[in-house]
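These notes concern the structure reproduced below.
The values are calculated or read from the model by the stated rules, or taken from the named source; none is laboratory data. Predicted model only: the values in this text are computed from it and were never measured. Because the Cβ atoms are built from the backbone with ideal geometry, glycine has one as well, and the counts that use them run over all protein chains shown. The protein model used for the area step is the full one, side chains on, heavy atoms only, and it has no ligands, DNA or RNA in it. Shrake-Rupley method; radii C 1.70, N 1.55, O 1.52, S 1.80 Å.
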Amino acid sequence: MSRYIAVAGIHGELKKLNSLLSKIRIRSDDIFIFLGDYIDRGPNSKEVVDRVIELSKHNQCIFLIGASEYTMLNLKNDKYFKWIFENYGGPATIKSYGSYENIMKIHGDFYRNLNLYCFTEKYFFVHAGINPCIPLDDQDETNLLYIGWNFIDSFFNLPQKIIFAHTNFQSPYILPDKIGIDLGCGIYPQSPLCALILDNGKEKFVYSD
Ligand SMILES: [Mn+2]
């Protein structure tokens, strides 16, 4: 049975991504699920996207959209997203690509094809969470990509356990119905990048240096 490997927000930290991947003894049938936030803050946004695209040539990869990518894709038409991008690490992304125009020129297909969520029989993967007041089918991007404690503090009686990032914790935040795996990679220099390996009912965490 294939393992599912969920990876939290990378935020341009190529060294941590490579360190994490080197610590996972990757099998050819492993399926990676990236929870978004490839870019912003860290020094190597472009290289991080190159690296995960490279990985997808060897392993099945599901790429979810994160708050950073959604903000970047929408800032041209929205003053609020423009402000968020400029103040939450966007300039590092522009530096990495050389210019804003280059982002879509170089990796437009990648960014346009990101998924909002995905799920297996036992797990539901999403960047930030689910709005507890809205039916699953009616959730829009801003619910799934930006929600915080309103989601975390609500109990979800779904068939799947929810695996999420966005809100960061010092260690994986494990509740009966959900697991947060974002440990602040890209925000704090000492924070590792975290992967959750789902292996036939077992849940195991792996951390970058
Ligand atoms: Mn993030």
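List of remarks:
- Distance distribution P(r), the chain, all Cα-Cα pairs, bin width 10 angstrom from 0: 9, 38, 38, 15, 1 percent.
- Too-long pairs where the Cα-Cα distance tops 31 Å, listed order kept, from 105/161; 105/204; 82/122; 57/204; 46/122; 16/57: 105/161; 105/204; 82/122; 46/122
- Charge-dipole axis of the chain as Lys and Arg at +1 and Asp and Glu at -1 on Cβ define it, positive-most pick from 180, 158, 206: 206
- Within the accessible area of the chain (1.4 Å probe), percent carbon and sulfur: 50
- In the complete set of protein chains, residue-level accessible area for residue 41 is approximately 90 Å², probe 1.4 angstrom.
- Estimated [θ] at 222 nm from DSSP helical runs (n ≥ 4, -39500 (n - 2.57)) normalised by residues in the chain, nearest 500: -9000 deg cm²/dmol
- At least 24 Å along the helix axis (C-alpha) and Kyte average at least 0.5, DSSP helices within the chain: none
- Among 43, 33, 120 the positive-end extreme of the charge dipole of the chain (Cβ point charges): 43
- Each Lys and Arg contributes +1 and each Asp and Glu -1, all at the Cβ; summed about the Cα centre of region 58-115, the dipole is approximately 100 debye.
- Magnitude of the charge dipole, the chain, Cβ model with Lys/Arg +1 and Asp/Glu -1, debye to 20: 560
- Solvent-accessible surface of the chain, taken per residue with a 1.4 Å probe and all protein chains present: 48 Å².
- Cβ-Cβ FRET estimate between residue 74 and residue 197, R0 fixed at 41 Å, reported to 0.05: 0.80
- In Å, descending, principal axis extents of the Cα set of region 13-94: 44, 21, 15
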